[in-house]
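The values are calculated or read from the model by the stated rules, or taken from the named source; none is laboratory data. Computed from a predicted model, the values in this text were never measured in an experiment. Because the Cβ atoms are built from the backbone with ideal geometry, glycine has one as well, and the counts that use them run over all protein chains shown.
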Amino acid sequence: MGRKKLVRFAENDVAHNVIEAQKPIYKEIKGNWNSRQFGNEKPLTLEVACGRGEYTTGLAQVFPERNFIGVDIKGARIWRGSQIAIENGLANVAFLRTHIQNLEDFFAPEEVACIWITFPDPRPKEGDEHRRLTHPRFLKMYQKLLKKDGWLHFKTDNLPLFDYTLDVLASQPIQNLVFTKDLYASPLNEEHYGISTTYEKMFGAKGFSMNYLKCQFLAP
């Protein structure tokens, strides 16, 4: 492991806004995010597979009245978002280091008000469909974690993944679905608050259109 990564992991160890396995709060946080981490009752928003946390920190600046949690397994990536939050005094930001399939171990049913999926790995290989973050098994999990009026947001430059997601959602218990395959030219453009991820900037510069949707789940 490189020295830079070791330094970043050491800083994560002492960062108050990084929740990871070696910290006692890691096993105690489920159902207790507002009381144990944030000390308030503000609504929770998740960014799953958050990478460097561009949306987690960006949305936190736009909405100080809400709490934001970036979730990713890559500690070196989480480090960047953690440092941005610290440098900007964003007390409404935290990062959880875990695999996305383990979310139910860290969030209670209906604990979350909003979920963002931003530029996930499209997993195009045959047999890898079950790892896509909009696969039915993940959607079922998001439905459990979201409040009854909660929103799911999805943004990607990958059109095959977006079309796959629309096909999957057609068989899911959802409502109020809106989407666009050209976000920047759409009335929905304001929905992303001008926040761009590293991948979004890179693929946008290559001429890729951005795909976006949001929906709510029906009550079970």
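Values as computed for the structure displayed
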item: Considering residues of the stretch 1-17 that are surrounded by 14 or more Cβ atoms within 10 Å (Cβ to Cβ) and under 12 Å from VAL93 (Cα atoms) only, the residue modelled with the highest pLDDT; result: ASN17
item: The stretch 65-114, residues that are polar (S, T, N, Q) and touching a Gly at 6+ places or on another chain (Cβ under 9 Å); result: SER82
item: Residue in the stretch 103-117 that is farther than 14 Å from LYS144 by Cα, touching a residue at least 40 places away in the same chain (Cβ under 8 Å), of a type in the set (A, V, I, L, M, F, W, C) and surrounded by fewer than 21 Cβ atoms within 10 Å (Cβ to Cβ) present; result: no
item: The lone exception for LYS74 - which of (1) without any contact (Cβ under 8 Å) to a residue 24 or more places away in the chain; (2) of a type outside the set (Ser, Thr, Tyr); (3) over 23 Å from ILE25 (Cβ atoms) it fails; result: (3)
item: Condition met for PHE162 (crowded, with 18+ Cβ neighbours inside 10 Å and in contact with a helix residue (DSSP H, G or I) (Cβ under 8 Å, 6 or more places away or on another chain)); result: no
item: Residue count, the stretch 70-102 (criterion: part of a loop (DSSP other than H, G, I, E, B) and either surrounded by fewer than 16 Cβ atoms within 10 Å (Cβ to Cβ) or of a type outside the set (S, T, N, Q) (or both)); result: 7
item: Selected residue (criterion: surrounded by the most Cβ atoms within 10 Å (Cβ to Cβ)) from residues of the stretch 18-69 that are among the charged types (D, E, K, R) and within 30 Å of PRO122 (Cα to Cα); result: GLU47
